[in-house]
Structure formats: C-alpha cells, structure tokens
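Inspection log for the structure reproduced underneath, given as structure tokens.
The values are calculated or read from the model by the stated rules, or taken from the named source; none is laboratory data. Worth saying up front: this structure is predicted, and the values here are computed from it rather than measured. Reconstructed Cβ throughout: ideal geometry from the backbone, glycine too, with neighbour counts over all protein chains shown. Ligands, DNA and RNA are excluded from the accessible area calculation, which covers all protein heavy atoms including side chains. Shrake-Rupley method; radii C 1.70, N 1.55, O 1.52, S 1.80 Å.
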Amino acid sequence: MRRFLQRSGVTVRPQAGLLPDERMDMVVGELLVIECDSHGHHEDPRAYANDRRRDQQLLLLGYRVLRLTWEDVMLNWPRTQELLRRIIALELHRAPRNRRGLAGR
C-alpha cells in the first residue's frame with residue numbers, strides 16, 4: 001500500500017507518532033491517517049474501544065482516519081486502489097489551504 005501511494009505522488013509517513021506513545025500505521029499527505037486492521041489484533045473489545053478513542057483524538061487534531069481491513073488490502077486490493085485513487089483525486093489527504101500546517105503539529 002505504501003508503494004502504491006508513493007507511486008501515486010503522495011507523501012507517506014509509516015508508523016507515525018501522532019499521539020503520545022502511539023503509532024499510526026501511516027499518514028498520507030498532511031492529514032489522512034490510514035490504519036490497517038486485522039481481526040487478530042482488533043477483535044478484542046478493549047482494542048476496538050482504544051481504536052475509536054484514537055480516532056476521536058486524531059479528529060480533534062484535524063486528521064481524517066481511514067480504517068482498512070486485511071480483506072480490503074489482501075483480497076479486495078483493486079477496489080481499495082480505486083478508493084485510494086478517489087481520495088487522492090479529491091485531495092482528502094491534504095489540509096485546506098487556510099489550515100495548512102495545523103495538522104501534524
């Protein structure tokens with residue numbers, strides 16, 4: 001996924017530390033956080049609740065969160081590629097011009 005995004009011309013920061021003591025799978029552009037979730041690591045009710053807490057904190061910081069499943073990446077990759085192309089075309093990974101620099105502080 002990282003190589004696909006980079007070939008699409010966007011900046012990707014893997015394992016970005018946007019919250020204290022927590023790493024996001026990747027940050028695309030200025031404000032799109034992509035988390036790739038497998039059943040094994042995100043099935044536990046505490047892990048599920050923690051994921052939502054992190055999403056809420058990231059939203060307050062101005063980020064957008066896209067959660068993809070293992071199936072999205074491994075079994076439905078063509079559909080996921082199209083989704084990512086549309087996100088990039090709509091510039092959802094970019095901060096609005098009047099807010100550039102706010103996300104990722």
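Computed quantities for the displayed model
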| item | result |
| --- | --- |
| Filtered GluC sites (Glu not before Pro), region 19-74: DSSP coil and at most 13 other beta carbons within 10 Å | E43 |
| Convex hull projection area averaged over all views, region 18-73, Cα basis, nm² | 3.9 nm² |
| Size of electric dipole in the chain: Cβ of Lys, Arg +1 and of Asp, Glu -1, about Cα centre, debye, nearest 20 | 620 debye |
| The chain, accessible surface, carbon-and-sulfur percent (1.4 angstrom probe) | 52 percent |
| Relative contact order [Cα under 8 Å, 6+ residues apart], region 1-93, whole percent | 25 percent |
| Residue-averaged [θ]222 nm for the chain, counting only DSSP H segments that reach four residues, each worth -39500 (n - 2.57) | -11500 deg cm²/dmol |
| Per residue accessible area in Å² of the chain, where ligands, DNA and RNA are left out and the probe is 1.4 Å | 66 Å² |
| Cα extents of the chain along the three principal axes, largest first (Å) | 39, 33, 18 |
